[in-house]
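To start, the structure under review is shown below, and the notes come after it.
Read-outs: derived from the displayed coordinates by stated rules, not from any lab. As the structure is a computational prediction, the values presented were derived from the model and not from experiment. Backbone-built Cβ (ideal geometry, glycine too); neighbour counts: all protein chains shown.
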Amino acid sequence: MSTTSNSKHKMQYVRLGNSGLKVSRLILGCMSYGTPTYQSWILDEKTGIEHIKHAYSRGINTFDTANVYANGASEIVLGKAIKAIGCPREAVVVLTKCYFPVGKLGEAGSVGGPADKNSPEGANGSGLSRKHIFGSIKASLERLQLDYVDVLQCHRFDYDTPIEETMQALHDVVQAGYARYIGMSSCHAYQFHQMQNYAINNRLTPFISMQNYHNGVYREEEREMVPTLKVFGTGMIPWSPLARGFLTRPWDTEEGIRQKTDAAYKTRKLHLPTDAMKAINERIAELAKKKGVGMAQIALAWQLSCDFVTAPIVGSTRLEALDELIDAVDMRLTPDEKAYIDEPYVPQAIIGHT
């Protein structure tokens, strides 16, 4: 697909894992779109639609959302944006997720908020049971105003539901035509291995993608998950390639509005910099200054240089920042530059699975 006339950059398209589905080299994450009543950093519907349309005009054909984002408002905005673009359904790839409880539309909340399982509404209101999976996908399709999604992803691993039930339900969702493929997100490698093996051994629909937390300051996925994904031929589409904004500015500068106001962001401790993280941040800043580009472009170019990454999921609240990220698709780091960023990294505790 050609890009807008004001840019010489063209998007690339790659297969998602061993499937035949092709996604843009960058996926637009839609967590920032919905309604500010959910959280103050969320963009409103009009602005969200503008961002999605702009991303499409720059060649991004793949959009990631979730039923829990802004209590469903993100899916509503994405659905309206697709209609506003006016493209054929085959021209866009839509990913959504289920697992977390979804609050009431228009109310404040946070992703991963606790489910009240001791109430009639909450008893089956989260997880990966057959009941919740089918209820979630049907509600998502209504909000998106679509007949199907391209990839239905499990947002987290469900410790309360048998894997057999979950994988059969996901297979049946595909057979029913509600989704074309399925994917997994943020779990331990042994859990993914169990689920994928069960699907393959029982001739059910396997996962084609893993959406996990990975970036220049958090690389623990490379120890067990990445080798597991390679065994199964599963595509990796990391979330937060810029470490929730940590790699977009010098570490000792003022945080953005999300870092200041998002309670979930703080409780998950994704923003607490170690000495190693500070060193990596400083080296990215150094290379950015040397090349005359933004830190975000260097951080994203680093991830795109990882041969096991299919397509990072990027998000932005400013069109200028989104354009900078798209331009990073053409940027190349030398092996020495990548090694320079890699060198300070030290092992750390697993995060991002809750």
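Rounded to whole Å and ordered largest first, report the semi-axes of the equivalent ellipsoid of the chain derived from its Cα gyration tensor (root of 5λ).
They are 30, 23, 21 Å, listed largest first.
Principal axis lengths of the range 84-207 from Cα atoms, whole Å, largest first?
On the principal axes, the range 84-207 reaches 42, 36, 23 Å in Cα extent.
Tell me, how many Å apart are the Cα centres for the range 21-59 and for the range 74-150?
Rounded to whole Å, the Cα centres lie 15 Å apart.
For the range 34-93, treating each Cα as an identical point scatterer without solvent, what Debye log10 I(q)/I(0) comes out at q = 0.16, 0.18, 0.20 1/Å?
-0.46, -0.58, -0.71
Could you tell me the ratio Rg/Rh of the range 274-354? Both radii from Cα atoms, Rh via Kirkwood.
0.97
Just to be sure I understand the model, the point goes 7 Å from the Cα along the line to the Cβ. What's the resulting residue 118 to residue 172 distance in nm?
3.1
Long-range amide H contacts for residue 29: which residues qualify at under 5 Å (H placed 1.01 Å from N, peptide plane, sequence gap of 5 or more or a different chain)?
Placed amide hydrogens put 64, 314, 315 under 5 Å from residue 29.
Give the Cα extents of the range 1-143 along the principal axes, in whole Å, largest first.
Here the spans come out as 55, 37, 21 Å, largest first.
Around residue 159, with a cut-off of 15 angstrom between Cβ atoms, what is the net charge of the other residues, counting Lys and Arg +1 and Asp and Glu -1?
Taking every other residue near residue 159 into account, the sum is -2.
By count of other Cβ within 10 Å, fewest leading, how are 340, 69 ordered? Intermediate values should be presented prior to the final figure.
Details: 340 16, 69 27.
Ordered by Cβ neighbours within 10 Å, fewest first: 340, 69.
For residue 15 and residue 318, FRET efficiency with R0 = 30 Å and r from the beta-carbon atoms, rounded to 0.05?
Taking R0 as 30 Å, the efficiency between residue 318 and residue 15 is 0.45.
Go ahead and collect, in residue order, the members of the range 115-146 whose backbone nitrogen is under 16 Å from a label point 7 Å along the Cα-Cβ direction of residue 104.
The answer is 116, 120-122, whose backbone nitrogens lie closer than 16 Å to the label point.
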